[in-house]
Amino acid sequence: MKHWNEECAVVGVYGVENASWLTYYSLFAMQHRGQEASGMSVFDGEKIHTHKAQGLVSEVFDENSLQTLKGNIAIGHNRYATAGKQSSSDAQPLYARCSLGEIAVVHNGNLTNAKALREKLTSEGSIFQSFLDTEVILHLIAKSQKESFEECIKECLKIIKGAYCLIFVLKDKMIVARDCYGLRPLSLAKISTESGEGYIVASESCSFDLLGAEYIRDIGAGEMLVFENGKMTSMQIFTPRDFKCVFEYIYFARPDSQVFGKNVYAIRKEMGRELARECKISADVVIPVPDSGVPSALGYALESNIPFEMGIIRNHYVGRTFIESEQSIRELKVKLKLNPIKEIIEGKRVVVIDDSVVRGTTSRQIVKILRNAGAKEVHLLISSPPTISPCYYGVDTPNRQELICSTHSLEEVRAYVGADSLYFLSLEGLARSVGGGGYCQACFDGRYIKDCFGESEE
Ligand code: AMP
Ligand code: SF4
């Protein structure tokens, strides 16, 4: 199925012993960003070793595999299919040996000119082993005539277009690069261990907390970092043009992360307060759709003075459910995950808050289970605007026809989900909640950046 999948997670650890263990824990903390495959490459002082497979971090790595991954530079990746088909050759890191030596890379994002580049490279004789955009990057680096990896990477970055957070390990060097729009998140922290001090770069700062690493800052849009000889050097490769993914705040990121320099939980709560200011409802109880609706529902309850209750309980142990195409099975999946508490719902006028509507399947099911639990009224409030456009920047969205808010009016969507009322946070309310502009919100307003990104490869 095509669904909005969570994005990938990347991590790089530089300059500390047992870099593989730190990478492993970091991937663990970022499991929510991708559950399809996981992997790691480690430089042991002589060679780069890679271990990767399909599955969760806990399934892919065990003590034995981590023992074989010794070294003080490591990069890791959790994958949730975006570009590419599902196979272990599509797991990351990707590794290659080229004239300058060994190289391994992890990538979060999506290149908008990958198809054209792949066709060109193939016509020139390149042989591809995966369906990943990332392999295009390796080919471009391998073909570059520049004299150092750093220069080869810079040359490659000038050719590729789209969204990327890249972390390379090149023998005793680690290089990090972020696209000029800063679309996907990437943060930097300092880490101290018994063996000394080093650095960690990761998609989300929740992984720093787990390791006791000290958050320094975000990697800038268009910035490249080179870690070499125990030091970090920063260079600005492209002029930064803020266009950060606002959906990180709405759904993807963990609430305990600092994303784009701001705490996700606080922003979600503010979205709930904004909703309450925009849409006042006489109700007895405010309940979230767990988990991502919780901070917004709290914000709504606080601002509206309506009691907050956890009226729906989530089963956290459903794990990965096989991806299905049948609508009825999709509905069963929602029921497997979420169950209402009748004592909280029965006879009440309920405001229920979720983070987003994609196809409308979840909302319809939620309203149904609340009515079955005896709700007198069900008012569905969404802490983001209607999703009307697909994402081309690394989030695997359904096509436009499957986005219910793209093909139906608000009243039609309300009737479909079966709520007494339905309200979406306004674009202005969203901007207020996240503290201003500088964000991509193309899935809500259809405004893509044409010179760098586009719909050409839909
Ligand atoms: P749908 O049932 O298709 O309308 O999907 C909406 C639900 O999917 C909401 O409850 C969201 O919490 C959740 N959701 C939104 N974005 C994503 C995503 N990228 N991956 C998985 N679930 C998502
Ligand atoms: Fe994020 Fe939406 Fe922009 Fe994609 S289109 S990068 S999901 S805000």
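Within the range 191-217, count every residue that is open to solvent by 30 Å² or more (accessible area, probe 1.4 Å), of a type in the set (D, E, K, R) and within 20 Å of the chain's Cα centre (by Cα).
Counting residues in the range 191-217 that are open to solvent by 30 Å² or more (accessible area, probe 1.4 Å), of a type in the set (D, E, K, R) and within 20 Å of the chain's Cα centre (by Cα) gives 2.
If you take the residues in the range 393-405 that are more than 9 Å from ligand 1 (Cβ to nearest atom) and surrounded by fewer than 22 Cβ atoms within 10 Å (Cβ to Cβ), which one is farthest from Phe247 (Cα to Cα)?
Out of the qualifying residues, it is Gln401.
Open to solvent by 10 Å² or more (accessible area, probe 1.4 Å), among the charged types (D, E, K, R), closer than 17 Å to Asn18 by Cα and assigned to a loop (DSSP other than H, G, I, E, B) - does that describe any residue in the range 145-159?
Scanning the range 145-159, I find no residue that is open to solvent by 10 Å² or more (accessible area, probe 1.4 Å), among the charged types (D, E, K, R), closer than 17 Å to Asn18 by Cα and assigned to a loop (DSSP other than H, G, I, E, B), so the answer is no.
(1) free of Cβ contacts under 8 Å to residues at least 40 places away in the same chain; (2) surrounded by fewer than 21 Cβ atoms within 10 Å (Cβ to Cβ): which one isn't true of Arg241, the others all being true?
(1)
Are any of the residues in the range 373-394 of a type in the set (S, T, N, Q) and away from ligand 2 (no atom under 16 Å from the Cβ)?
No, that holds for no residue.
Name the one entry in Tyr423, Tyr393 that is outside the structural domain of Thr134 (by TED's automatic domain parsing), in a strand (DSSP E or B) and in contact with a Cys (Cβ under 8 Å, 6 or more places away or on another chain). Working first, answer last.
On the way: Tyr393 fails: in a strand (DSSP E or B).
Matching residue, one of Tyr423, Tyr393: Tyr423.
When both residues are 6+ apart or on different chains and their Cβ atoms are under 6 Å apart, which pairs have a first residue that lies in the range 344-369 and is more than 6 Å from ligand 1 (Cβ to nearest atom), and a second that is polar (S, T, N, Q)?
As it stands, the answer is Ile353/Ser296, since those pairs meet every condition given.
If I filter the range 277-289 down to residues being open to solvent by 10 Å² or more (accessible area, probe 1.4 Å) and in contact with a strand residue (DSSP E or B) (Cβ under 6 Å, 6 or more places away or on another chain), which single residue comes out as farthest from ligand 1 (Cβ to nearest atom)?
Among those residues, the one meeting the criterion is Asp284.
Determine which member of the set Ser234, Ser195, Ser187, Ser203 is more than 22 Å from Asn113 (Cα to Cα) and either aliphatic (A, V, I, L, M) or at pLDDT below 95 (or both). I'd like the intermediate steps shown before the answer.
On the way: Ser234 fails: either aliphatic (A, V, I, L, M) or at pLDDT below 95 (or both); Ser187 fails: either aliphatic (A, V, I, L, M) or at pLDDT below 95 (or both); Ser203 fails: either aliphatic (A, V, I, L, M) or at pLDDT below 95 (or both).
It is Ser195.
Name the residues in the range 343-371 that are surrounded by fewer than 21 Cβ atoms within 10 Å (Cβ to Cβ) and assigned to a strand (DSSP E or B), would you?
Within the range 343-371, just Arg349 meets the criteria.
Within the range 373-386, can one find any residue that is more than 14 Å from ligand 1 (Cβ to nearest atom), outside any strand (DSSP E or B), surrounded by fewer than 18 Cβ atoms within 10 Å (Cβ to Cβ) and more than 20 Å from the chain's Cα centre (by Cα)?
Yes; the residues of the range 373-386 include at least one that is more than 14 Å from ligand 1 (Cβ to nearest atom), outside any strand (DSSP E or B), surrounded by fewer than 18 Cβ atoms within 10 Å (Cβ to Cβ) and more than 20 Å from the chain's Cα centre (by Cα).
Is there any pair linking a residue in the range 181-208 that is free of Cβ contacts under 8 Å to residues at least 60 places away in the same chain to one that is in a loop (DSSP other than H, G, I, E, B), with Cβ under 6 Å and at least six apart or on different chains, and which?
Correct list of pairs: Leu188/Ile219; Ala189/Ala213; Ser205/Ser257.
The values are calculated or read from the model by the stated rules, or taken from the named source; none is laboratory data. Please read all numbers here as calculations on a predicted model, not as lab measurements. Counting neighbours? That spans all protein chains shown, and the Cβs are built from the backbone with ideal geometry, glycine included. To get the accessible areas, we keep the full protein, side chains included, count just its heavy atoms, and leave off ligands, DNA and RNA. Shrake-Rupley method; radii C 1.70, N 1.55, O 1.52, S 1.80 Å.
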